[in-house]
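Below you'll find the structure I mean.
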Amino acid sequence: MSAIKYRPPNAPYHIAILGRSGVGKSSLCNLIRNLTSEHTNFAPVGVIETTGIPTCYKLIDNVFMWDVPGVATPSVSKEDYCKLIDINRYDMFLILSRGRFTEIDRWLSDIVRDRFNKTLFFIRTGIDEELRNHRRDYPTNFNSIEVLDIIRNNCLKNLETSLSKTNLSLYLINTKDKTKFDFSKLINDIMVHVNHERDNLMLTLIKEDPTEQIIQSSISSTNTTLQTAKTIVTTWARFGLVSYLYDRYYK
């Protein structure tokens with residue numbers, strides 16, 4: 001059974017921050033919004049799991065960032081994760097990873113890009129710690145640029161097994177310092193994508209089974225196309241003729 005989701009260009013835009021527990025999701029949420037622990041809207045952080053439910057924070061007008069629980073913890077299993085975070089709610093995903101690339105990192109990437117066909121930014125955190133460890137282990141031959149290249153290439157190699165290279169957006173950051181590494185590029189690219197996608201009419205066929213693929217297409221947001229698409233959705237959805245929309249826009 002399929003349902004039609006119509007999102008006009010000026011609808012709220014939702015960004016989810018995903019990843020294992022402890023990779024810096026809440027810290028990144030605070031860093032992007034330039035908040036410290038003194039602010040009332042500060043996302044809680046700590047040495048234990050601090051995010052129990054998806055929590056929404058305003059980023060800019062009509063754009064919202066969601067700090068969601070970590071996956072594969074005693075309280076959140078992979079099997080229940082998509083339903084728990086209401087994965088269909090979001091338009092963009094920031095997937096965070098820390099340390100060596102894991103099966104959970106790959107699983108999250110597959111879910112977002114292959115099954116739900118959503119915009120994905122893969123972010124490697126804890127870079128300062130990696131550099132400190134490498135400097136300690138190899139004090140004579142330490143080269144920060146080489147270490148960063150090793151980390152970047154390893155992430156790309158693992159991600160390319162499931163994502164096409166042209167669709168990869170990889171960033172190395174420190175979730176406590178916005179002046180380092182790829183943070184500025186990350187913020188710029190996020191806003192470019194947000195502005196681009198909000199300028200388009202999103203027409204989505206959503207499967208009730210979250211394990212099935214979602215078919216998504218962007219239609220030009222000219223006034224004529226918007227009115228035509230809206231009329232088609234309203235008229236044909238009333239009669240349940242989803243196949244018409246599929247043939248018209250996705251083939």
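The values are calculated or read from the model by the stated rules, or taken from the named source; none is laboratory data. Because the structure is predicted, anything quoted here is derived from the model rather than measured. Quick reminder, even Gly has a Cβ in these numbers, built from the backbone with ideal geometry, and neighbours come from all protein chains shown.
Is at least one residue of the range 31-46 modelled with pLDDT under 60 and assigned by TED's automatic domain parsing to the domain that holds I173?
Scanning the range 31-46, I find at least one residue that is modelled with pLDDT under 60 and assigned by TED's automatic domain parsing to the domain that holds I173, so the answer is yes.
A further question follows. Is it the case that the range 144-152 has a residue that's in the same structural domain as P69 (by TED's automatic domain parsing) and within 19 Å of the chain's Cα centre (by Cα)?
Yes, because at least one residue in the range 144-152 is in the same structural domain as P69 (by TED's automatic domain parsing) and within 19 Å of the chain's Cα centre (by Cα).
Please pick out the residue among I127, I111 that is touching a Lys or Arg at 6+ places or on another chain (Cβ under 8 Å), farther than 18 Å from H193 by Cβ and buried (at least 20 other Cβ atoms within 10 Å of the Cβ).
I127
Which number in (1) over 14 Å from the mean Cα position of the chain (by Cα); (2) over 23 Å from F183 (Cβ atoms) marks the one condition that G99 misses?
(2)
Rundown of residues vs (1) buried (at least 21 other Cβ atoms within 10 Å of the Cβ); (2) out of contact with any strand residue (DSSP E or B) (no Cβ under 6 Å at 6 or more places or on another chain); (3) without any contact (Cβ under 8 Å) to a residue 24 or more places away in the chain; (4) at negative phi, yes/no style:
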residue: W66; (1), (2), (3), (4): yes, no, no, yes
residue: D80; (1), (2), (3), (4): no, yes, yes, yes
residue: L96; (1), (2), (3), (4): yes, no, no, yes
residue: F101; (1), (2), (3), (4): no, yes, no, yes
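Kindly list, by first and then second residue, each pair from a residue in the range 160-185 that is more than 22 Å from E130 (Cβ to Cβ) to a residue that is at pLDDT below 95 and surrounded by fewer than 18 Cβ atoms within 10 Å (Cβ to Cβ), limited to pairs with Cβ atoms under 7 Å and residues at least 6 apart or on different chains.
What qualifies is S162/R106; S162/D110; S162/D114.
Moving on to the next point. Just one of (1) under 14 Å from the mean Cα position of the chain (by Cα); (2) among the acidic types (D, E); (3) modelled with pLDDT under 90 trips up D67, so point out which.
Status for D67: all satisfied but (3).
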